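Worksheet: the structure to be examined is printed underneath.
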Amino acid sequence: MTRIEKSIFINAPREQVFDLAYHPERTPEWLVGMSEVRDVSPGEVGVGTTYHWTFQMAGIKLNGKTTFLELDPPNKAVVKTEGGAESIWTWTYEAQGDGTLLTCVIEYTIPGAALGKIADKLIVERTNANNLEQSLKNIKRIVEA
């Protein structure tokens, strides 16, 4: 399993940062590669909420499903993805003065068949790390605007 961890400081309260990042419908606004979110569970987002998505990686379309495993607003959210790649995303929101230190840890495994289509493991890891870093910058840009 591969692990990527990135953090960014955002000049906004945790509640505001959390509000953007945990709404599935808004994910394509900031998550690099996420082209579509659909079939979001009805009702308030919480543990057990699911949604389906389409993600582009290195020109390959991956379809999958995300499930919220843990939700502690505005402190933490943990989701699991299934489909193109199995992963656990852990988001933590730490108050720092008037701002928020947002950290995301992604632990994932890419199936051999998908990996063969995309390229070698090191290229995928570097791409994922860069995409996560850009996604955090996108959240910062949107929230601070």
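The values are calculated or read from the model by the stated rules, or taken from the named source; none is laboratory data. In this text the structure is predicted, and so the values were computed from the model without any measurement. Neighbour counts run over all protein chains shown; Cβ positions are idealised from the backbone, glycine included.
Descriptive notes on the structure:
- Within the stretch 1-49, being part of a helix (DSSP H, G or I) and of a type in the set (Asp, Glu) holds for 15, 19, 25, 29.
- Single residue of the stretch 113-133 satisfying the filter (over 14 Å from residue 1 (Cβ atoms), loosely packed, with under 15 Cβ neighbours inside 10 Å and not aliphatic (A, V, I, L, M)) that is modelled with the lowest pLDDT: 117
- When residue 82 is tested against (1) surrounded by 14 or more Cβ atoms within 10 Å (Cβ to Cβ); (2) within 16 Å of residue 108 (Cα to Cα); (3) of a type in the set (Asp, Glu), only condition (1) is not met.
- Test result for residue 102, over 18 Å from residue 34 (Cα atoms), in contact with a Ser or Thr (Cβ under 9 Å, 6 or more places away or on another chain), modelled with pLDDT of 95 or more and not acidic (Asp, Glu): yes
- Taken over the stretch 17-48, residues that are buried (at least 17 other Cβ atoms within 10 Å of the Cβ) and over 28 Å from residue 124 (Cβ atoms) amount to 2.
- Residue list for the stretch 85-109, restricted to those being loosely packed, with under 15 Cβ neighbours inside 10 Å and of a type in the set (A, V, I, L, M): 95
- Among residues that are surrounded by fewer than 16 Cβ atoms within 10 Å (Cβ to Cβ), part of a strand (DSSP E or B) and either touching a Ser or Thr at 6+ places or on another chain (Cβ under 7 Å) or of a type in the set (Phe, Trp, Tyr) (or both), residue 67 is included.
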